[in-house]
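Some notes on the structure that comes next.
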Amino acid sequence: MNPILRGLLLFPVGLLGLSSSGSGQIRRDPNGVNVNAQGASTVFITFGNLQGMVATEAEWCGELIPALPGVGLRCDPATVFGRLPARYDQSRSSGQDGFTDIMSIPPSVARRAFQAAQAGATSSFFYVRRFIDPLGNRPDEYVFVTCRMTGGGARTPFALLDVRLAFETDDPVLSVRTGGQAPRLSARIVYHGTGRLRGRWEIVLPGEEPPTGEDLLTEATLPAELRGTQRRFTELERFNLFLPPTGEFRLQGPDPAKLPTHLQGLHLVLLRIEATEDKEGDSNLGTAGAGSGVVPSGGVAGFAIPPLRYYVGSATGIGVGADGFGLLMPADRAELVPEAELVFGWTGAAGALLYRVEITNDAGHPVLEALLDADMRTYRAPSWLAERLGQPEFRWRVAALGPGGRGLAATPWRRGRLTSAPPDQLH
């Protein structure tokens with residue numbers, strides 16, 4: 001029997017507080033969505049009419065049971081498929097007494113739901129958000145959204161699941177000679193649904209304040225009132241393409257001639273995805289009780305799109321040894337702005353399992369050490385590095401570590417200097 005009907009038979013409707021459309025209860029839109037049965041899914045959801053209630057955890061399950069002494073229906077603990085991972089939680093308060101939720105279903109949850117359906121359960125499952133009263137005067141309220149399993153095609157909300165930017169080169173950290181030309185770049189995009197992919201390529205020049213994590217989110221991931229507030233950088237090129245329901249697309253980057261190479265230092269290429277209308281996933285604020293109008297959700301994503309880096313500088317003095325292991329950036333004795341993004345880059349070492357970035361003061365006393373996986377070739381220094389150094393001069397190198405932490409190789413030391421002057425004003 002349908003678990004909702006079972007709950008209605010066992011408990012009086014007045015005690016259940018079942019409906020989320022009542023005037024005194026939390027509402028949501030959409031209340032049911034199609035999701036991918038074979039992998040991850042991401043859906044934009046608006047909750048409204050909170051009246052002071054605060055959202056807490058969210059989970060997926062196969063059946064619902066009465067939430068007494070709370071209000072609504074909660075997950076049956078015996079059928080829970082998983083909880084929303086903290087790294088995917090992009091939810092926040094928004095609008096008029098509203099709450100924007102980005103439901104990012106991990107592949108593990110989809111797999112468990114599909115296996116349950118194969119075993120005889122229904123082909124749908126539930127996403128349940130719990131809301132609490134911070135003052136403790138009202139019972140907890142549970143609000144569910146029905147997830148209907150499909151093939152992830154045209155009737156599924158248009159959302160991005162993974163975006164990888166890369167240059168057409170084998171170099172993990174690209175170094176370009178001043179005045180030269182960078183190779184072509186592209187973005188591999190994994191998605192579900194179908195819709196228009198609209199956006200732009202931007203460039204962050206050396207010395208500019210780097211983008212924040214919120215700047216790197218797609219526009220459709222933000223609540224309506226925050227759209228248009230993300231910081232914009234120099235635009236390189238725009239695009240507006242229709243993506244068929246195939247699940248994967250390679251977006252060609254801007255013309256390499258448009259990538260600036262006249263300033264020495266680290267450059268960041270940004271892929272900015274704008275929100276588009278999507279009838280399968282757009283959220284009606286009026287229906288949710290969170291305002292008025294419809295919020296476009298095409299291009300939503302549960303993650304920030306990382307920038308693509310390249311370094312512009314002289315090809316001499318890079319410091320790569322005969323075995324290919326060496327430092328790329330910053331250049332030796334470079335003057336760097338600590339308030340800007342301070343990134344160290346190097347080439348790979350054969351057989352390395354870990355890399356250890358070592359930073360000391362000018363006298364050689366250790367200030368910072370960081371261990372990174374073997375697939376990492378860059379390291380962003382923390383904001384407190386300048387304060388910890390206590391002086392402008394520093395030294396740094398990278399060591400390659402093998403099994404058991406055994407040292408395989410280490411690069412020569414490089415010197416650097418932190419300065420408050422913009423790089424283009426240094427002489």
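Can you sort Val294, Val204 by 1.4 Å-probe accessible area, starting with the largest?
Details: Val294 90, Val204 5 Å².
Result of the area sort, largest leading: Val294, Val204.
Using all C-alpha to C-alpha distances in the range 221-280, build P(r) with 5 Å bins and read off the rounded percent in each one.
Bins of 5 Å from zero give 3, 10, 20, 20, 18, 15, 8, 4, 1, 0 percent of pairs.
Using the Cα centre of the range 126-283 as origin and beta-carbon charges of +1 (Lys, Arg) and -1 (Asp, Glu), tell me which of Gly136, Gly213, Ser175 is placed farthest towards the positive end of the dipole.
Result: Ser175.
Helix-derived [θ] at 222 nm for the chain: sum -39500 (n - 2.57) over DSSP H runs of at least 4, divide by residue count, nearest 500?
The helix contribution divided over the chain gives -2000 deg cm²/dmol.
If amide H atoms are built 1.01 Å from N in the plane of the peptide, which residues on other chains or at least 5 residues away come under 5 Å of the amide H of Leu336?
Residues meeting the amide H criterion: Arg417, Leu418, Thr419.
To the nearest 10 square angstrom, how much accessible area does Arg417 have with a 1.4 angstrom probe?
90
Evaluate E = 1/(1 + (r/R0)^6) for Ser93 and Ala410, where r is the Cβ-Cβ distance and R0 equals 51 Å; express this FRET efficiency to the nearest 0.05.
After rounding, the FRET efficiency stands at 0.55.
Within the accessible area of the chain, what % is carbon and sulfur when the probe is 1.4 Å and the other protein chains stay in place?
50
Name the residue from Met53, Leu68, Thr146 whose Cα lies farthest towards the positive end of the charge dipole of the range 12-154, charges +1 on Cβ of Lys and Arg and -1 on Cβ of Asp and Glu.
Working it through, the farthest residue towards the positive pole turns out to be Thr146.
Is there a quick way to get the dipole size of the range 73-142? I mean about its Cα centre, with the Cβ of Lys and Arg at +1 and of Asp and Glu at -1; what is the value in debye to the nearest 20?
280
Given Cα pairs under 8 Å that are at least 6 residues apart, what percent is the relative contact order of the chain?
Normalised by residue count, the contact order of the chain is 15 percent.
State log₁₀ I(q)/I(0) for the range 37-127 at q = 0.17, 0.20, 0.23, 0.25 Å⁻¹ as given by the Debye formula over alpha-carbon point scatterers of equal weight, solvent excluded.
The Cα Debye sum returns log10 ratios of -0.80, -1.04, -1.23, -1.31.
Let's test the formula: R0 of 30 Å, r as the Cβ-Cβ distance of Glu209 and Ala166. What FRET efficiency results, to the nearest 0.05?
0.75
Relative to the Cα centre, what is the charge dipole magnitude of the chain, using +1 at the beta carbon of each Lys and Arg, -1 at the beta carbon of each Asp and Glu, and rounding to the nearest 20 debye?
Numbers: 41 positive and 44 negative charges, 127 e Å.
So the magnitude is around 600 debye.
Rounded to the nearest angstrom and ordered from largest down, what semi-axes does the equivalent ellipsoid of the range 251-408 get from its C-alpha gyration tensor (root of 5λ)?
Values: eigenvalues 317, 77, 68 Å².
For the range 251-408, the ellipsoid semi-axes come out as 40, 20, 18 Å.
Putting +1 on Lys and Arg Cβ atoms and -1 on Asp and Glu Cβ atoms, find which of Ala363, Trp396, His192 reaches farthest to the positive end of the dipole of the chain.
His192
Counting only C-alpha contacts under 8 Å and six or more residues apart, can you give the relative contact order of the range 132-216 as a whole percent?
30
Can you tell me the accessible area per residue over the chain, all protein chains present, probe 1.4 angstrom, in square angstrom?
Per residue, the chain has 45 Å² of solvent-accessible surface.
By how many degrees, 0 to 90 and rounded to 10, does the Cα axis of helix 107-118 deviate from the longest principal axis of the chain?
Tilt relative to the chain: about 30 degrees.
Which whole number in µm²/s is D for the chain by Stokes-Einstein, with the Kirkwood Rh taken over Cα pairs at 25 °C and 0.890 mPa s? List each step's numbers first, then the result.
Details: Rh = 24.2 Å.
This corresponds to a translational diffusion coefficient of 101 µm²/s.
Once you keep just the Cα pairs under 8 angstrom separated by 6 or more residues, what percentage relative contact order results for the range 92-147?
On the way: 45 pairs, mean separation 12.6, N = 56.
Relative contact order here is 22 percent.
At a temperature of 10 °C and a viscosity of 1.306 mPa s, determine how fast the range 99-158 diffuses translationally according to Stokes-Einstein, using the Kirkwood radius over alpha-carbon pairs as Rh; express D in µm²/s, rounded to the nearest whole number.
The estimated diffusion coefficient comes to 115 µm²/s.
The values are calculated or read from the model by the stated rules, or taken from the named source; none is laboratory data. All values reported here derive from a predicted model rather than from experimental measurement. Backbone-built Cβ (ideal geometry, glycine too); neighbour counts: all protein chains shown. Accessible surface is based on the protein model in full, side chains and every heavy atom, while ligands, DNA and RNA are left aside. Shrake-Rupley method; radii C 1.70, N 1.55, O 1.52, S 1.80 Å.
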